[in-house]
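Please treat every number below as a calculation from the coordinates, not as lab data. Note that this is a predicted model, so its numbers are computed, not measured. Every residue, glycine among them, receives a Cβ derived from its backbone with ideal geometry; neighbour counts consider all protein chains shown.
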Amino acid sequence: MSVAVQAGLFAGGVLLGAGGAVWLQCGRKKVNLVPEPAPAKSESLGTAPLVVSPPSPTAVHDALALSGHPGPIADFLRNQAYVAAYDRRLRHPIWTAEHLTAESIRRPPGTEVNRAQSIFAEDPRLPLVFRSTNSDYFRSGYDRGHMVPAADAKMSQAAMNETFYLSNIAPQVGPGMNRDYWAYTEDFVRRLTGQFKDLYVFTVPLYLPRQSTDGKWRVSYEVIGSPPNVSVPTHFAKVVLGAGQAGPGTMLGGSAKLALGAFIMPNSMIPDSAPLRSFEVDVEAVERAAGLTLFPPAIKSAAKKLCDTVKCEVIVRDFSDANKKLTPPTRANTLP
């Protein structure tokens, strides 16, 4: 994908981001999601009434007697630095979750933890038929975008290697996104460990609708690979909960026991000048779009807004390096 094409995509991304935000933040009518059980219907068949009863639990159970539960299944993957749930249909994470501290993101003294020693590899814990592969990404025009960044897993080489499992990867636009603004956002999150004792971070790929010229809303996305296997999210979300003040004077307007923030960014080129707060949304917007409950109501109601507690801004830096460039695929299915 050329930079010119991606520049055009950013305009669409802004519209999609704004339209998605409007759609996400719109109020909805409250409906009863658990309807009252309907009484048995009485239908007339000739002159004799026919009572139609709901199927018995035994009949429903028997429907799966020979097949077992077909899914969908979210593979729960526990790693040293993070946990994740993997979507077998989309072939990328549904979400990833991290617990970060100032200590956890430091390289231990005397160790040689280096991302140059890590390779992108299929996750051997997943069934072969449902894995994403390096060949899916090769010449696709998209980067292999980390949901949990390698820089968050400096505790050991093994922990960093696990961030290169393709079960932690989703297709991301490279210039202006994965190699730039998304990397700035990841750096912003790491810097928050200097202000909070504990950080709890969710990264969530999203598929948001866009309003068409006929006024209807549709979700449209690309699928890469040959055959097409891996879905390309339209947006990505970062949700951050900060707990406990790391030290005096680190918060705006006093201390905060809990601070919660969420950001949704389009999967397109984003200019370095874009304010981080322009992507700020309510946490409920991410939950509603993803079909997830990231934090319980008690925490959400008790937490202050993150950007009212700390200064929400990115630092523009050059995060590009040879390790982020695509290389010809290998058949390695496991990490060393």
Notebook entry, point to check: Of the listed peptides 66-75, 286-295, 200-209, what is their order by residue-averaged count of other C-beta atoms within 10 Å, with the highest listed first?
Noted result: 200-209, 286-295, 66-75
Check: Going down the table (216/311; 257/311; 216/305; 154/238; 197/238), which pairs top 27 Å between alpha carbons?
Finding: 216/311; 216/305
Checklist line | Sequence-distant residues sharing a close amide H with residue 210 (under 5 Å, placed H) | finding: 218, 219, 220
Notebook entry, point to check: How far apart, in nm, are two points set 7 Å out from the Cα along the Cα-to-Cβ line at residue 74 and at residue 217?
Noted result: 2.1 nm
Checklist line | Largest to smallest principal axis extent of the C-alpha atoms in segment 133-190, angstrom | finding: 32, 24, 12
Margin query: Charges on Cβ only, +1 for Lys and Arg, -1 for Asp and Glu, centred on the Cα centroid of segment 180-295; of 275, 228, 189, which one is farthest towards the dipole's positive end?
Written below: 189
Item checked: For segment 140-260, alpha-carbon Rg relative to the globular expectation (2.2 N^0.38 Å, N residues) -> 1.30
Checklist line | Order of 312, 307 - criterion: other Cβ atoms within 10 Å of each residue's Cβ, fewest first | finding: 307, 312
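Order by neighbour count: 269, 177, fewest other Cβ atoms within 10 Å first, most last.
Numbers: 269 23, 177 26.
Neighbour counts put them in this order, fewest first: 269, 177.
Would you mind ranking 300, 197 so that the residue whose beta carbon has the fewest other beta carbons within 10 Å leads the list? If you can, show how the numbers build up before the last one.
Numbers: 300 17, 197 13.
Starting with the residue having the fewest Cβ neighbours, the order is 197, 300.
Classify segment 94-189 as rounded, prolate or oblate, taking a ≥ b ≥ c as the square roots of the eigenvalues of its Cα gyration tensor: rounded when a/c is under 1.5, otherwise prolate if a/b is larger than b/c and oblate if not. List each step's numbers first, then the result.
Working: a/c = 1.85, a/b = 1.32, b/c = 1.40.
Oblate is the answer for segment 94-189, as a/c is 1.5 or above yet b/c matches or exceeds a/b.
May I ask you to list the trypsin sites (Lys or Arg not before Pro) in segment 58-117 that are in a DSSP loop and have at most 14 other Cβ atoms within 10 Å of their Cβ?
Working: sites: 78, 88, 89, 91, 106, 115; in loops: 88, 89, 91, 106.
Here the sparse-neighbourhood loop sites are 89, 106.
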Item checked: FRET efficiency, 1/(1 + (r/R0)^6) with R0 35 Å, evaluated for residue 66 and residue 313 via beta carbons -> 0.05
Notebook entry, point to check: Rounded to a whole number of µm²/s, how large is the Stokes-Einstein D of segment 62-146 at 4 °C and 1.567 mPa s, given Rh as the Kirkwood radius over C-alpha pairs?
Noted result: 81 µm²/s
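Pairs of alpha-carbon atoms within less than 8 angstrom and 6+ residues apart define the contacts here; what relative contact order does segment 131-231 have, in percent?
About 31 percent, as a whole number.
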Notebook entry, point to check: To one decimal place, what Kirkwood hydrodynamic radius in Å is obtained for segment 174-235 from all pairs of distinct Cα atoms?
Noted result: 14.7 Å
